[in-house]
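For reference, the structure discussed in these notes is given below.
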Amino acid sequence: MSVTLVLPPRLTTSAQALRDAARRRGLPTVQLPTLAVPGDLRAEHLHAGPGFADIVAPALNISLLQAPEDWLARLPREYTGREITFGPIRDAYRLRRPAFIKSPNDKQIPARIYTDGSRLPGPDAVDPHTPVLISDVVEFAAEYRLYLLNGSVYTGSQYAQQGQLRLGPLHKDAAAFGTELLAECRDTLPSAIVVDVGTANGTWSVIEANAAWASGMYTADPQRALDVVFQAAGPAEAVTPRDHRFLRVPDPFARE
């Protein structure tokens, strides 16, 4: 069996929209009932969470693009508007102030504000070397998701306002900020990626980067988002030399 897009057992609203977008192009899709990959399955692309992707993508010879784990911490402060550090969770345990802490490219450490480092999952729950991003706490007035493809803002949407879910169209200023970011920092990102941006005190800042193959689409154009997903999770032989350094190394202990 040969298909274009592989999907996980439980479909999000975004996964359903991407599936429907693929079908409108006449492309075959399959939703796997479990993590087991049928021996006769041949597929080119995938959209799913990291746990599913880390198991299924290698079996299908699909390569996954993502931003470097420390990408956000290495961005110039003019693009982040706040202090952000990257390091092992054991260092974060010493924090004695509120901070927004998250795993860089998965959900092992829940993304939220921790009142101090003692509130993090302890060494009995996670490896002390587990990497985390630690950010100053910022309240964003509005938040937008940008789908970036080959150096351009390809599609996007608003997803939050004052910290609450609020769906809407992509604001032109959010797209302009994404274009400015790419003009200066394109070489630090894979060719297909999702970047969230927002406004705080009237200033635009990068919130985070996410893998397009695992991101919610909100109200972005499904067909254009599908193009980004296809390039972010595609056949290993199609990965360009430029993108080799952005390949995700699957977690051998992954589980969905």
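Based on Cβ point charges of +1 for Lys and Arg and -1 for Asp and Glu, what charge dipole magnitude is obtained for the chain about its Cα centre, in debye rounded to the nearest 20? Intermediate results must be reported in sequence, preceding the final value.
Numbers: 26 positive and 28 negative charges, 80 e Å.
Here the size comes out at about 380 debye.
Shape of segment 139-212 from its Cα gyration tensor (a ≥ b ≥ c, root eigenvalues): rounded if a/c is under 1.5, otherwise prolate when a/b > b/c, or oblate?
prolate
Can you give me the distance in nm between label points at Arg186 and Gln223, each placed 7 Å from the Cα along the Cα-to-Cβ direction?
Inter-label distance under the simple model: 2.5 nm.
Let me spell out the model: positive unit charges on the Cβ of Lys and Arg, negative unit charges on the Cβ of Asp and Glu, origin at the Cα centre of segment 83-135. What dipole size does that give, in debye rounded to 20?
180
Output the relative contact order of segment 139-212, whole-number percent, from Cα pairs under 8 angstrom with separation of 6+ residues.
It rounds to 35 percent for segment 139-212.
Around Arg77, under 14 Å between beta carbons, what's the net of Lys plus Arg minus Asp minus Glu among the other residues?
-2
In debye, nearest 20: dipole of segment 17-65 around its Cα centre with unit charges on the Cβ of K, R (+) and D, E (-)? Numbers along the way, then the final one.
Numbers: 5 positive and 4 negative charges, 52 e Å.
About 240 debye.
Can you match percent of Cα pairs over 35 Å apart to one of these, (1) 7; (2) 14; (3) 31, based on a calculation from the structure here?
(2)
Quick check: from the Cα gyration tensor, does segment 83-135 come out rounded (a/c under 1.5), prolate or oblate? Each step should come with its number before you reach the end.
Numbers: a/c = 1.39, a/b = 1.12, b/c = 1.25.
Verdict is rounded for segment 83-135.
Quickly work out the Leu167-to-Thr85 label distance, labels modelled 7 Å from Cα along the C-beta direction, and quote it in nm with one decimal.
Between Thr85 and Leu167, the label points sit 3.9 nm apart.
Which order, highest average first, do 118-130, 9-21 follow once you tally other Cβ atoms within 10 Å for each residue and take the mean per peptide?
9-21, 118-130
Can you compute the helix-only [θ] at 222 nm over the chain? Use -39500 (n - 2.57) per DSSP H run of at least 4 residues, normalise by all residues, nearest 500 deg cm²/dmol.
-6500 deg cm²/dmol
Going by Cα centres, segment 98-142 and segment 79-97 are how many Å apart?
After rounding, the separation between the Cα centres reads 8 Å.
Taking only C-alpha pairs under 8 Å that are 6+ residues apart, what is the relative contact order of the chain in percent?
25
Could you list Lys102, Lys172 so that the one with the fewest beta carbons within 10 Å of its beta carbon is first and the one with the most is last?
Lowest to highest Cβ neighbour count: Lys172, Lys102.
If you stretched the chain out fully between Arg96 and Arg77, how much longer would it get, using 0.36 nm times the residue separation minus the C-alpha to C-alpha distance?
On the way: separation 19, 0.36 × 19 = 6.84 nm, distance 2.27 nm.
Fully extending the segment from Arg96 to Arg77 adds 4.6 nm.
Just so you know, all these numbers are worked out from the coordinates, no wet-lab data involved. Predicted model, so just to flag it, every value in this text is computed and none were measured. All Cβ positions, glycine included, derive from the backbone under ideal geometry; neighbour counts span all protein chains shown.
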